[in-house]
Amino acid sequence: MMPSPGGPSSSQTVKIEPTNSSDNPASDHWSGTGNSGPTTELRPDRRMARKAELARESRKRKKEFIQNLQEKARRYAEKVEQLEKRQARFMTTLGLTSVTRDEQKRRQEQLRLLGEMVTQLESKSSLPEKNKKLEIFMETFTSNSRARQKQLDGLMDKVREVLTPGLQAKFCLWVLSQDDKFYDDSTFWPSLAYQELGISIDQSERLKSHRKQIKERRENLRKILENLEDVRKKAQGHVTSLNNSVDRIQSHLSPEQRAKFAVWVAKNRWCMEMMTALWGKS
């Protein structure tokens, strides 16, 4: 076959010049560098950048949330501390600080014992072994519960102390409850009233005019203190008889049942609060 006119001969080499991609739209399209806009090869990068931005915003929000919680916790802690200090001052004024500390320790020990009971109730140990341990826990729990009853004498002594006047008032009540002979024949009243205190005769007479009322007040106080001692004896007898009744009731239950009941009461505070509210109305 003869070669076509003007075409390359079999001995000639055809050279293909490389084309510039910027001058070739088709090339730009397939390489992803043309003017036809972003392609799918850029989208993963943009998604990763967006995810990173969202993660930063999430971390920022989380940090701000935690900081707000920490600030609230700090304010609440300060408020609790202020209330505890105020309560401590109030209890100190009443002279009940030591009782309050003891009561707090007692409640903490009761909570610990309740936790031990729950653990033992949920254990897989044999029933005799479980009842033996629960019996020990319940004995300690009952003993701690009755420990506050031992504060009865101390509280009654506090009431007696509050009712009894201080030294100055007590001395005045004693002086103004004396008869006429004390003021007229003894040297004690003139020495104290006229020489030591420098009061006038008119003041002395006005003070002595309160003697009848003072005698009545002293007699009234004496009766109150007698009644207080009577209340002490009755309260002690009531506590003893009540504890005996509770012991007889509990004797009908097994250690496991007694422990379950103690745990149930601790878990159902709302029911106990309702019962307490209705207690005085029954």
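The values are calculated or read from the model by the stated rules, or taken from the named source; none is laboratory data. Just so it is clear, the structure is predicted and the values come from calculations on it, not from any experiment. Here the Cβ is made from the backbone with ideal geometry for all residues, glycine too, and neighbour counts use every protein chain on show. The area values use the complete protein model at the heavy-atom level, side chains included, leaving out ligands, DNA and RNA. Shrake-Rupley method; radii C 1.70, N 1.55, O 1.52, S 1.80 Å.
Brief remarks follow.
- Cross-link table 85/158; 150/223; 85/223; 150/215; 79/150, entries beyond 28 Å C-alpha to C-alpha: 85/223; 150/215; 79/150
- Sequentially through segment 187-202, phi angles give Karplus couplings (6.51, -1.76, 1.60; θ = phi - 60°) of 9, 5, 5, x, 5, 6, 6, 8, 8, 6, 8, x, 7, 8, 4, 5 Hz, Gly and Pro residues having no value and appearing as x.
- Measuring with a 1.4 angstrom probe and ignoring ligands and nucleic acids, residue 173 comes out at about 40 Å² accessible.
- Phi angles across segment 122-136 convert, under the Karplus curve 6.51 cos²θ - 1.76 cosθ + 1.60 with θ = phi - 60°, into 3J(HN,Hα) values of 8, 6, 9, 5, 5, 4, x, 5, 5, 5, 5, 5, 5, 4, 5 Hz, Gly and Pro given as x.
- Counting only lysines at least 8 places from residue 51 when in the same chain, those with an alpha carbon closer than 19 Å to its own are 60, 62, 63.
- Cβ-Cβ FRET estimate between residue 46 and residue 77, R0 fixed at 35 Å, reported to 0.05: 0.15
- Heavy-atom accessible surface of segment 198-282: percent carbon and sulfur, 1.4 Å: 58
- For residue 200, the solvent-accessible surface computed with a 1.4 Å probe is close to 50 Å², ligands and nucleic acids excluded.
- Rounded to the nearest whole Hz, the Karplus-based 3J(HN,Hα) values (6.51 cos²θ - 1.76 cosθ + 1.60, θ = phi - 60°) of segment 222-233 follow the sequence 4, 5, 5, 5, 5, 5, 5, 5, 5, 5, 4, 5, with x at glycine and proline.
- For the listed residue pairs 105/267; 133/234; 133/267; 233/260, the alpha carbons are over 27 angstrom apart in 133/234; 233/260.
- Rolling a 1.4 Å probe across all protein chains gives residue 185 an accessible area of roughly 110 Å².
- Cut-off 13 Å between beta-carbons: net charge of the residues surrounding residue 77, Lys and Arg +1, Asp and Glu -1: +1
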